[in-house]
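Below: the structure, in structure tokens.
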């Protein structure tokens with residue numbers, strides 16, 4: 001059973017990418033909607049299998065590591081697989097209606113969309129550092145193509161800036177991978193974790209290089225300059241994919257590296273330094289979001305701020321008791337899931353509002369509250385999760401992080417968490433204030449199709465309700481670390 005689920009998960013996106021290259025936009029849309037249904041069912045089936053029977057390692061084509069490609073299927077991986085299915089399906093359905101099929105270049109959206117999905121699944125399930133790199137590059141190149149898909153000069157400039165940033169990040173990451181391979185003779189992350197010692201200068205340098213490259217690809221402050229232009233000029237379904245999923249992939253790898261190797265190769269200074277950069281992202285990104293004149297730039301800089309919370313994982317899991325570390329891991333994972341759902345909803349709702357008022361500016365939203373209340377309500381519900389108000393997933397995540405901060409004696413992160421919620425409320429309410437200004441006639445508005453309004457509402461409701469189902473989600477997330485410890489000896493390659 002597992003082999004059929006894995007085949008559907010990994011090869012369906014690649015097959016659909018190849019097939020959609022042969023079709024126009026409308027034909028590719030119908031094919032893709034079928035593929036989304038298959039991916040959603042397979043992802044749900046794999047999540048149920050892991051929740052029932054625990055995680056496992058899967059060798060592609062029966063070739064075991066180190067000769068073959070091993071995949072690590074655990075609670076954390078399948079949670080992200082299922083999250084990808086939910087967000088990508090929503091964005092794909094939205095794009096099928098939102099994008100203009102009369103423009104010939106739009107047909108390339110579907111191949112790039114499916115290559116992106118294949119790369120995301122490869123990252124969530126990857127068990128060795130080089131195949132994680134390959135999957136990450138597939139994601140990056142697909143994302144750059146999607147940003148450039150608009151065809152305007154601004155989109156091409158943003159795509160080139162994005163390309164240079166991710167290539168530089170990839171080169172730095174790959175240098176760290178080469179150092180680890182040269183020292184240990186294996187690229188298996190679990191295998192390296194089984195043999196690495198505390199006094200390994202070369203390995204410590206490799207970890208630092210890989211984290212630096214991944215921080216650039218995740219747009220951690222102050223390396224975030226490429227993100228707002230890319231997210232701001234891309235089509236709204238593309239922006240939702242980039243913010244909801246793409247930047248999470250590089251963070252996911254960084255988190256895996258830290259949790260496997262950080263206790264021996266990291267240091268208190270490094271952990272606190274990364275946390276300080278995350279805190280800077282929360283404050284600076286929120287302030288810039290509050291000041292932006294364009295609606296999608298507000299949401300883009302909000303992504304910079306929300307990414308900062310994720311990097312609190314590093315100080316909250318280093319040299320602390322296991323229960324505290326587990327609290328932090330659970331909180332960060334809930335934050336990732338909540339942010340992916342909420343931010344995708346915000347970008348899709350923002351796209352609807354921009355379609356309605358025919359302008360990207362915040363000050364052009366006056367009166368839209370009466371004409372497009374459903375999309376505006378979706379935007380607000382997603383914003384509630386960013387503010388971390390109960391019962392949202394953002395509230396559950398920050399509650400766990402607050403407990404981890406206090407239990408570890410790192411009270412200063414509590415200040416960051418609370419201040420970030422207040423600043424999020426400031427830029428969300430600024431948008432709402434602009435929409436209630438009555439300065440336009442009703443016939444100036446265009447009403448998007450109702451289906452475009454339903455999709456962000458569904459995502460926002462999922463982000464809102466995540467806090468109510470946090471316990472069963474966290475029960476599955478308890479699997480990854482237990483499974484990894486049991487199989488470490490089986491995949492390790494001694495130097």
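The values are calculated or read from the model by the stated rules, or taken from the named source; none is laboratory data. Because the structure is predicted, anything quoted here is derived from the model rather than measured. Reconstructed Cβ throughout: ideal geometry from the backbone, glycine too, with neighbour counts over all protein chains shown.
Name the one entry in 313, 341, 365 that is buried (at least 21 other Cβ atoms within 10 Å of the Cβ), within 24 Å of residue 82 (Cβ to Cβ) and touching a residue at least 60 places away in the same chain (Cβ under 8 Å).
Just a single option satisfies the conditions, and that option is 341.
Helices (runs of 4 or more DSSP H) wholly in the stretch 150-222 with at least 2 residues that are modelled with pLDDT of 90 or more and surrounded by fewer than 18 Cβ atoms within 10 Å (Cβ to Cβ) - which ones?
Once the helices (runs of 4 or more DSSP H) in the stretch 150-222 are filtered for at least 2 residues that are modelled with pLDDT of 90 or more and surrounded by fewer than 18 Cβ atoms within 10 Å (Cβ to Cβ), what remains is 153-184, 201-218.
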Review point. How many residues are under 30 Å from residue 128 (Cβ atoms) and modelled with pLDDT of 90 or more when one looks only at the stretch 63-109?
Key: 12
